[in-house]
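Taking it in order: structure first as structure tokens, then the write-up.
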């Protein structure tokens with residue numbers, strides 16, 4: 001992981017370079033407001049030359065649907081579990097998984113709403129109603145989330161093309177879950193948190209064994225205040241992106257960032 005970590009850091013900086021069009025507010029959005037004029041994420045995904053597939057992963061009594069993308073590399077690769085934001089499984093999440101594969105990683109993105117829809121499926125059963133999707137995600141039992149993520153991480157680590165090392169990356173709600181997963185899976189190679197809150201319990205903080213890399217907006221006190229909490233967790237690396245508000249990654253249009261982020265180690 002040491003040799004591949006700089007490449008992954010470079011990739012996540014690129015992921016931060018998209019300027020958000022709207023903010024999450026309280027993550028309450030109507031389905032009409034959430035629909036982009038052009039689905040550039042799906043367009044990018046459709047142009048990808050990389051092999052991608054859907055798999056069903058057993059997690060206890062549950063079956064988790066997950067999107068997997070393979071890199072075009074000669075040697076076995078590190079895997080990254082990609083945790084979606086509060087809008088659930090989307091074309092954008094799949095595009096991010098594909099970008100990780102383009103950088104040389106096996107990416108697996110589970111639909112954490114698997115089996116929770118009206119027709120027994122996942123996010124797709126909610127008919128793009130982001131309010132309903134958000135409520136369903138907020139109501140997910142924490143132990144179920146951990147079980148699903150562990151099952152997916154176990155699955156991807158044992159693929160013939162995998163080298164056994166697993167990292168996690170998540171966005172917004174998924175960023176917080178990336179942090180939480182690091183408290184529950186000490187074998188993680190690294191955790192990448194895109195503007196997600198960290199754990200508050202000293203015991204949970206002490207349980208983190210992997211380096212945690214945090215990416216946060218400059219003007220986002222709702223989340224930023226959790227980063228600077230005295231006596232709290234420590235980020236192995238952090239970057240503060242000068243955005244005016246909390247990013248909405250899945251509804252953004254890709255643009256070049258006008259100024260570089262402030263970077264450096266940060267303790268709280």
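The values are calculated or read from the model by the stated rules, or taken from the named source; none is laboratory data. These numbers were taken from a predicted model, which means no experiment stands behind them. Every residue, glycine among them, receives a Cβ derived from its backbone with ideal geometry; neighbour counts consider all protein chains shown.
All but one of (1) under 19 Å from residue 57 (Cβ atoms); (2) without any contact (Cβ under 8 Å) to a residue 24 or more places away in the chain; (3) in a helix (DSSP H, G or I) hold for residue 124; which doesn't?
Result: residue 124 fails condition (2) only.
Going residue by residue through region 178-187, is there one that turns out to be crowded, with 22+ Cβ neighbours inside 10 Å, free of Cβ contacts under 8 Å to residues at least 40 places away in the same chain, more than 15 Å from the chain's Cα centre (by Cα) and part of a loop (DSSP other than H, G, I, E, B)?
Scanning region 178-187, I find no residue that is crowded, with 22+ Cβ neighbours inside 10 Å, free of Cβ contacts under 8 Å to residues at least 40 places away in the same chain, more than 15 Å from the chain's Cα centre (by Cα) and part of a loop (DSSP other than H, G, I, E, B), so the answer is no.
Go through 73, 38 for me and flag whichever is closer than 18 Å to residue 128 by Cβ, in a loop (DSSP other than H, G, I, E, B) and modelled with pLDDT of 50 or more. Show your work before the answer.
Numbers: 73 fails: closer than 18 Å to residue 128 by Cβ.
Going through 73, 38 in turn, just one is closer than 18 Å to residue 128 by Cβ, in a loop (DSSP other than H, G, I, E, B) and modelled with pLDDT of 50 or more: 38.
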